[in-house]
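Participant: Structure below; questions to follow.
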Amino acid sequence: MVDARALALDLEANGVVGVTVAWADNNGIPRSRTVPVATLPQVAVRGIGVSTLFAVFDTHDGITYAYEGLATPSGDVRLIPELGGLTRLAGQPALAWAPGRQVTADGSPWPYDQRGVLEAQVEAAAADGLEIKAGYEMEFVLTEAGGVSQVNNQADAEPRLAYHAPAYSPHALLAVDEFVADLLGDLAGNGVPVNQLHAEYGPAQVELSIVASDPITAADRQLLARQTVHAAAREHGLRACFAPLFTAAGVGNGWHLHTSVWRGGRNLLAGAPSAERPGPDGAGWLGGLLRDLRALAAITAPSVPSLARLRPGYFASAYQFWGVENREAPLRFIPGSEFLGADHANVELKVSDASANPYLALAAVIATGLAGLRDGADPGEPVQVDPGRWSEQERAARGMIRLPTTPGEQEEALTTSPRLTAVLGEHLLGAFLAVRRSDAAWAADRPLEDIVAAHRWRY
């Protein structure tokens, strides 16, 4: 158990004056409270008061009272810092950061706390003798910091890209070389281990890959990585756009979620050496994700821009299928090999972006994967091409189903999945749907360009 008093004294001795406690809402947007470091011992026990209404904030900071369970401005919950995840911020040395959990005023579990939902799924996996590993690939666009209104947070003009260079080129990042160097140093200092960082396919787009860990740590690191990127960008006169779309017509930002499932130290997704299919149990995990993919996408890519990003031909995934190393597949199976080792095998969920709450996204993935493993769900045969190139008749003949393209289709997919509605529970599901409906109503009469611009800096 972490000694909060000793921790506070150590932070103070190292020049830290405040601790930011962060969580993510139902839109994937980080929210926070910052407290003086001297109060950390009390805050660690009693928490910080926050409104229950954060559960029904929409993407645009509107509060919807449409869900009966949270239809009043009255009420508080307590935000408790997870001291095991407390980190002195390398890029903001006067501040420390910690992920938070939300509990009721008497300290009991609050049904709207997304972190608690993930913890329940991790415990369910452990009860079956299973361990889950998860890691994020995070894409973002770098722009110059100017050109944004400080009043309404909207772009006064199209943001200026931070660099112009060929995709994946080694000289693409030269214009932001100092930012990259500081970012890698800050991530290491903040305890976020990185696999790689590179210039991605889109204009001024960067991808950051985080080393896999247990699911709760993976979700915490995703939030901390965002904080780290934003701080490093600001230091160099830059701004990072994590939104699903930077422009209406361009390549979007995916936050691809890699998972593997283990029993007794053995990766169940690993087949025979060089096999291009998962082992029998791993096939059930993959089959479970595929079976509930349309509903899963309503949680892992829930925003209006998310729907616009899921287009054929953009490596963003538009149809319900899986493939082996197929970058157009929403579920991309990455096999092990004699060279990489069998333990390299994992499943990449490409229908995932910054508008997803990371704890809910991981909880939904685990729940559907576990259900598939228990049921022996069959994923069928992989598809190794882009179904978007087939004719409508060819797709119909092969049973190729489109992922949801409207908020109404998203909601129907989610509410008709008994596995995922059970994961969220009645209360959180009600709040989540109310938020999605509020967002959809806001966007209904607006052109896509305006919708994209309004989401650009929310994450």
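Participant: If a paramagnetic tag sat 7 Å from the Cα of His164 along the Cα-Cβ line, which residues of region 195-230 would have the backbone N under 17 Å from that point?
Facilitator: 202-205
Participant: Can you list which of the DSSP-assigned H helices in the chain have a Cα extent of 27 Å or more along the long axis and an average Kyte-Doolittle score of at least -1.0?
Facilitator: Values: long enough: 215-235 (30 Å, -0.31); 418-443 (29 Å, 0.48).
Helices meeting the criterion: 215-235, 418-443.
Participant: Suppose a student asked you for the relative contact order of the chain, using Cα pairs under 8 Å spaced at least 6 residues apart; what percent would you report? Could you put the intermediate results ahead of the total?
Facilitator: Values: 978 pairs, mean separation 81.8, N = 459.
Value for the chain: 18 percent.
Participant: Given a Förster radius of 22 Å and the C-beta distance between Val45 and Val17 as r, what FRET efficiency does 1/(1 + (r/R0)^6) yield to the nearest 0.05?
Facilitator: 0.60
Participant: Right, here's the next one. Can you give me the long-range amide H partners of Leu245? Hydrogens built in the peptide plane at 1.01 Å from N, cutoff under 5 Å, separation of 5 or more residues or another chain.
Facilitator: When sequence neighbours closer than 5 places are left aside, the close amide H contacts are Asn253.
Participant: Please work out the FRET efficiency for the pair Ile63 and Glu426, using the Cβ-Cβ distance as r and a Förster radius of 30 Å; give the result to the nearest 0.05. Working shown, then result.
Facilitator: Numbers: r = 20 Å, r/R0 = 0.68.
Step by step, r from the Cβ atoms, then E = 0.90.
Participant: Right, another one. With no solvent and one equal point scatterer placed on each C-alpha of region 186-282, evaluate the Debye formula and give log10 I(q)/I(0) for q = 0.12, 0.13, 0.24 Å⁻¹, two decimals.
Facilitator: Listed by q, the Debye log ratios stand at -0.54, -0.62, -1.29.
Participant: Further, regarding this structure: In nm, to one decimal, how far is the modelled label at Leu174 from the one at Ala145, with both set 7 Å along Cα→Cβ?
Facilitator: 2.5 nm
Participant: Which one is right for this structure if Cα extents along the principal axes in Å is calculated from it: (1) 63, 50, 50; (2) 70, 44, 40; (3) 81, 52, 44?
Facilitator: For Cα extents along the principal axes in Å, the calculated option is (1).
Participant: Taking the dipole about the Cα centre of the chain, with the C-beta of Lys and Arg at +1 and of Asp and Glu at -1, give me whichever of Ser417, Leu174, His60 is farthest to the positive side.
Facilitator: Farthest towards the positive pole: Ser417.
Participant: A follow-up question, please. Carbon-plus-sulfur fraction of the accessible area of the chain, 1.4 Å probe, in percent?
Facilitator: On the way: 9550 of 18210 Å².
Of the solvent-accessible surface of the chain, carbon and sulfur hold 52 percent.
Participant: With a sphere of radius 9 Å drawn around the Cβ of Trp262, what net charge do the other residues whose Cβ falls strictly inside it have (Lys, Arg +1; Asp, Glu -1)?
Facilitator: Once positives and negatives cancel, what remains is +1.
Participant: Over region 169-308, what relative contact order in percent results from Cα pairs under 8 Å that are six or more residues apart? All intermediate terms of the calculation are to be shown ahead of the outcome.
Facilitator: Numbers: 113 pairs, mean separation 20.4, N = 140.
Relative contact order of region 169-308: 15 percent.
The values are calculated or read from the model by the stated rules, or taken from the named source; none is laboratory data. These numbers were taken from a predicted model, which means no experiment stands behind them. So basically every Cβ, Gly included, is an ideal-geometry build from the backbone, and we count neighbours across all protein chains shown. The area values use the complete protein model at the heavy-atom level, side chains included, leaving out ligands, DNA and RNA. Shrake-Rupley method; radii C 1.70, N 1.55, O 1.52, S 1.80 Å.
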